[in-house]
Amino acid sequence: MTGRRLVVVGALCVLLAGSGGGWLYLHTDDGPGFCEEMSQDERLRSTLAAEPQDIGDCATLANAIHRATTGDRTGEHSVVQAQAMKNILVALEDTQGPEDERKISSDFAVPFSKTLADYMPDVYESLRPANIEYIRAGRNSEPPWKDDEGVHMSVASDYLVRLMRRLSETPAAYAQLREAVSRQAAGKLTSVPPDADGSRFATETKSAGYVLGVFDALAEHVHRDRGEGWKSLRNLGKISWEDWRTEVFDRLTEDGSAPPSDERDPAGHLTASWRGTLRTAEAENLLSSLGTQITDMVGTAAKSGGLDLNRQVQLTNGAEQFSRMGFKDAEQEFPDR
């Protein structure tokens, strides 16, 4: 996958609020359905050769992809599984373009987001600014690689953002991806000790800020797309912003268990602490709460590391600056609607 590092295009799923408190999702493409079209792609069929041939419906297709690309342990993949995931992402890329609005059914978006979340370490590194190794490996022809940390694969960041924007039309899909990137950022922030000069730790805080800023932009664009006059024929059947943010908030805060200890599970502690902060902010403040996630997490990590107040402020300010950069790099590529 080639192209500019961040070119974000909103391509929207169509969904309606159903009766009885559930969600009724509609697929309104004029041509073949998205999942039917994908199931006929020769690259995908080759990748899923071991699967039953009748994989045209969205749930069956997404589950087949999950089996082909993931293993028994979360986030750990073989070279074959990683190559299968890259093949599928390349095939998915061809279903979108700068002006494409083909819809991704929620029946596909939710389980596929679970699969993509299993690759969040690679998603994170692909989005991370100036990661030369991942940029070079992001070309379609480049295979996965293995090192001391495991198996990795890369795709172009501009494509990832476009894909995640399409998936984010379904609130459950966005919530899954946001939860996964939050855990990954927490893992990075707690992987190196905060130190006086802050060189290594500061690098991680800035990278985490940038990546979370990209995810902030996804949520903001969902909101903007449902601004004044959103109830038009173009948006027929689309879930309202109020319902979208409520479902995302509920999913991000549904785990009310006490945070694990910082000593036993520092990344889990940091993620759970932020979840508690989000819970107190309430659903109507979702965007602002997502926007301050990076400063909350960096501040908590720096304080836990024993850094003085001045250093904490320096680090949170730097992370916030990079968050704005990630947001802007994504946002400027969204089409005006």
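The values are calculated or read from the model by the stated rules, or taken from the named source; none is laboratory data. This one's a predicted model, so the numbers in the text were calculated from it and none came from an experiment. Counting neighbours? That spans all protein chains shown, and the Cβs are built from the backbone with ideal geometry, glycine included. All accessible areas refer to the heavy atoms of the entire protein, side chains included, with ligands and DNA or RNA removed. Shrake-Rupley method; radii C 1.70, N 1.55, O 1.52, S 1.80 Å.
Results, tabulated for the structure shown:
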item	result
Per-residue ³J(HN,Hα) for the stretch 38-49, Karplus 6.51 cos²θ - 1.76 cosθ + 1.60, θ = phi - 60°, Hz, x for Gly and Pro	4, 5, 8, 5, 5, 5, 5, 5, 5, 5, 9, 4
Surface per residue (accessible, 1.4 Å probe) for the stretch 34-182, Å²	39 Å²
Carbon plus sulfur fraction of accessible area for the stretch 52-211, probe 1.4 Å, in percent	48 percent
Cβ-based net charge around residue 35, under 9 Å, with every Lys or Arg adding one and every Asp or Glu removing one	-4
Ellipsoid semi-axes in whole angstrom, largest first, where each is sqrt(5λ) of the Cα gyration tensor of the stretch 123-201	24, 20, 11
Unsatisfied cross-links (Cα-Cα over 28 Å) in the set 114/206; 86/303; 114/238; 86/238; 103/206	86/303; 86/238; 103/206
Length gained when the stretch residue 199-residue 303 is fully extended (0.36 nm per residue, less Cα-Cα span)	35.8 nm
Residue-wise HN-Hα coupling along the stretch 175-189, computed from phi with Karplus coefficients 6.51, -1.76, 1.60 (Hz; x: Gly, Pro)	4, 4, 5, 5, 4, 5, 6, 5, 5, 5, 4, 4, x, 5, 5
Lys/Arg +1, Asp/Glu -1 at C-beta; the stretch 36-95 dipole; positive extreme among 47, 89, 69	69
Per residue, the convex hull volume that the Cα atoms of the stretch 181-226 enclose (Å³)	55 Å³
